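The values are calculated or read from the model by the stated rules, or taken from the named source; none is laboratory data. Predicted model only: the values in this text are computed from it and were never measured. So basically every Cβ, Gly included, is an ideal-geometry build from the backbone, and we count neighbours across all protein chains shown.
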Amino acid sequence: MTTVTMDKYLIDLIERMLDTSDQIMEAGYDSSKTISWKALREAEKVDKADYVPQLILFIDKEKDKKKRGEAYFLLGHIAKNTNDTTALNYLIQRVDKETDKYIVSSLLDRIGDIKKPTGTNLQPLITATKNDKWLIRHSAIQSLNYSTDPDAESTLIEILDSSDNQYNLTYSNATLNRIGTLRAIPHLEKHLKSRKRDVKDSAKFAIEEILKRNGQ
């Protein structure tokens with residue numbers, strides 16, 4: 001497959017992801033049969049790292065935020081499917097470049113599904129966990145999933161020790177469920193008596209998973 005052909009495929013796929021021409025809000029409407037739904041499912045399976053430089057170039061030049069948003073979705077899944085660190089690092093650095101909260105939140109959601117090797121620059125994600133917009137903040141907390149860097153755990157522990165927002169706490173507990181070490185357990189234990197059931201249960205489950213990972 002030539003570079004030109006790949007470019008045409010990517011452009012066509014992004015256009016189909018954005019296509020709403022067959023979306024009719026009527027009784028019995030089945031969104032899973034629409035052009036965009038099928039294109040999104042197709043994008044989730046793309047696993048060609050050769051597409052990464054093209055998508056990066058596309059995003060850098062594209063003025064339409066909706067097209068950039070779909071390109072992030074596609075690039076994020078390629079990064080997830082191929083463990084491409086160039087794509088991962090690019091997505092992370094774009095967190096500071098975008099201003100639309102929905103684009104940033106979606107971008108962070110994609111990053112949360114990608115494995116992050118030790119040494120990955122997590123600072124844009126860590127900074128976003130302190131964002132005053134809850135949509136961005138909650139996605140940022142979850143974006144630290146699949147990270148082995150101690151800074152990720154330290155950030156979540158800090159939230160557990162300083163926040164009284166039940167959603168901040170619940171999302172932090174859920175992320176520690178996946179990446180937490182024994183170091184996090186005393187901080188999780190503080191929330192086992194929370195009056196908020198989601199906070200209490202997510203802390204309990206996180207402790208159980210951490211102990212299981214450590215053979216305890």
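Of the residues Ile141, Ile78, Ile114, which single one is touching a helix residue (DSSP H, G or I) at 6+ places or on another chain (Cβ under 8 Å), buried (at least 22 other Cβ atoms within 10 Å of the Cβ) and not in a helix (DSSP H, G or I)? Give the derivation first.
Values: Ile141 fails: not in a helix (DSSP H, G or I); Ile78 fails: not in a helix (DSSP H, G or I).
Just a single option satisfies the conditions, and that option is Ile114.
Somewhere in segment 86-106, is a residue closer than 17 Å to Ser139 by Cβ, among the aliphatic types (A, V, I, L, M), touching a helix residue (DSSP H, G or I) at 6+ places or on another chain (Cβ under 8 Å) and not in a helix (DSSP H, G or I)?
Yes: one or more hits.
For segment 87-100, give me the residue count where each residue is surrounded by 14 or more Cβ atoms within 10 Å (Cβ to Cβ) and either more than 15 Å from Phe73 (Cα to Cα) or among the small types (Gly, Ala, Ser) (or both).
Qualifying residue count, segment 87-100: 1.
Would a scan of segment 174-194 turn up a residue that is farther than 17 Å from Asp109 by Cβ, among the hydroxyl-bearing types (Ser, Thr, Tyr), at pLDDT 95 or above and surrounded by fewer than 23 Cβ atoms within 10 Å (Cβ to Cβ)?
So far as segment 174-194 goes, yes, one or more of its residues are farther than 17 Å from Asp109 by Cβ, among the hydroxyl-bearing types (Ser, Thr, Tyr), at pLDDT 95 or above and surrounded by fewer than 23 Cβ atoms within 10 Å (Cβ to Cβ).
Could you grab me the full set of residues in segment 32-47 that are farther than 13 Å from Ile78 by Cα and part of a helix (DSSP H, G or I)?
Listed by number, the residues that qualify are Ser32, Lys33, Ile35, Ser36, Trp37, Lys38, Ala39.
Quick one: would you say Asn145 is over 16 Å from the mean Cα position of the chain (by Cα) and closer than 23 Å to Ile210 by Cβ?
So Asn145 does not fit the description; no.
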